[in-house]
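Chemist: Just passing along the structure, written as structure tokens.
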Amino acid sequence: MKLIINENHIKRNKTIGNTLSFASLGVLGLGLYLAWTGTGDLTKTIYSYLCLIIGFIMTRFGIFFMSTYGQSPRYDEILKQSFEKLRNEYTYYVYSSPVPLLLAGPCRLWLPILVTSTGNISYSDGKWKHTGVNFIKRMMGQETLINPEKDVADASAALQKHLAEKGIPYENQPEIQPVLVILLQKTIIGDVSEAPYPVIPITELKRFIRRKDREECENPISPEDSAALIAALETTKKE
């Protein structure tokens, strides 16, 4: 498996996460100070509430950036560990393509949509359901599965548009295969038999990709098309 990673993107966003986390503490501290000292002072009370609201928002963004770019191993590194033993015909793009994470294979483009929270995930009556994430966990920044289909639609559209702009017409583009990847062992997969795309635990992801590309490869990507695809994706990290 080949790896193409945008280290500058990761470093920049890690710095943003650190800055937001420390700055939010200062803003929240100021809000608490104004609240304690502003009894009877309407102006201080208003400013204290504003500081607490802004500090909370900054904290949420800081948690997102740090959980995505600052923790070790990062989410992209966990995926890399799963992909490492794939053959050289696979290329793993990390923040270096039109979508955050992308795996280009011999038959299709794999689009991982990561599930990074606990709870029970299922799909029924045309809707995703995510239960078991309590209020405290949500307040602490644990994401809930709201609408992965929108994430898939937006990412697919961005990828297809980019390839078309780089000279690969829509009709010549390889299949895009979304896959919902469960990163945590505590996340429970319920009934997803009717889901629009696969829901796979990270421990089974490599095996699933290998099997699907081996058994369901009606239109393998030719060497010429593969070269054009690589060239189109390579331009992304230069832009």
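Chemist: Given the options Tyr69, Tyr95, name the one that is at positive phi and either open to solvent by 60 Å² or more (accessible area, probe 1.4 Å) or within 26 Å of the chain's Cα centre (by Cα) (or both). If you could, list the steps in order and put the result at the bottom.
Modeler: Numbers: Tyr69 fails: at positive phi.
Of Tyr69, Tyr95, the one residue that is at positive phi and either open to solvent by 60 Å² or more (accessible area, probe 1.4 Å) or within 26 Å of the chain's Cα centre (by Cα) (or both) is Tyr95.
Chemist: Name the residues in segment 102-137 that are at negative phi and at pLDDT below 80, would you?
Modeler: Selection gives Val133, Asn134, Phe135, Ile136, Lys137.
Chemist: Return the only residue of Phe83, Phe64, Phe56 being in contact with a strand residue (DSSP E or B) (Cβ under 8 Å, 6 or more places away or on another chain) and at pLDDT below 95.
Modeler: Phe83
Chemist: Do you know which residues across segment 185-211 are more than 21 Å from Asp151 (Cα to Cα) and assigned to a helix (DSSP H, G or I)?
Modeler: Within segment 185-211, Thr203, Glu204, Lys206, Arg207, Phe208, Arg210, Arg211 meet the criteria.
Chemist: Report, ordered by the first and then the second residue, all pairs with beta carbons closer than 7 Å, sequence separation of six or more or different chains, a first member in segment 2-16 that is farther than 15 Å from Leu101 by Cβ, and a second member that is among the small types (Gly, Ala, Ser) and open to solvent by less than 40 Å² (accessible area, probe 1.4 Å).
Modeler: Close Cβ pairs (under 7 Å, with a partner that is among the small types (Gly, Ala, Ser) and open to solvent by less than 40 Å² (accessible area, probe 1.4 Å)) amount to Lys14/Gly70.
Chemist: Which of the residues that make up segment 198-230 are under 16 Å from His130 (Cα atoms) and either open to solvent by 70 Å² or more (accessible area, probe 1.4 Å) or in contact (Cβ under 8 Å) with a residue 40 or more places away in the chain (or both)?
Modeler: Val199
Chemist: How many residues are surrounded by 12 or more Cβ atoms within 10 Å (Cβ to Cβ) and of a type in the set (S, T, N, Q) when one looks only at segment 35-58?
Modeler: Adding up the residues that qualify gives 2.
Chemist: Which condition does Gly62 not pass, out of (1) surrounded by fewer than 18 Cβ atoms within 10 Å (Cβ to Cβ); (2) among the small types (Gly, Ala, Ser); (3) under 28 Å from Leu180 (Cα atoms), if it passes all the others?
Modeler: So Gly62 meets the others, but not (1).
Chemist: Filtering segment 173-188 down to residues that are surrounded by fewer than 16 Cβ atoms within 10 Å (Cβ to Cβ) and over 16 Å from the mean Cα position of the chain (by Cα), which residue is nearest to Thr131 (Cα to Cα)?
Modeler: Ile188
Chemist: Let me ask something additional. Return yes when Met140 is aliphatic (A, V, I, L, M), closer than 30 Å to Glu7 by Cβ and modelled with pLDDT under 85 and no when it is not. Let's see the steps before the verdict.
Modeler: Values: aliphatic (A, V, I, L, M): yes; closer than 30 Å to Glu7 by Cβ: yes; modelled with pLDDT under 85: yes.
Answer is yes for this residue.
The values are calculated or read from the model by the stated rules, or taken from the named source; none is laboratory data. Owing to the predicted nature of the structure, the values given are computational and were not obtained by experimental measurement. All Cβ positions, glycine included, derive from the backbone under ideal geometry; neighbour counts span all protein chains shown. For the accessible areas, the whole protein counts, side chains as well, though only heavy atoms, and no ligand, DNA or RNA atoms are used. Shrake-Rupley method; radii C 1.70, N 1.55, O 1.52, S 1.80 Å.
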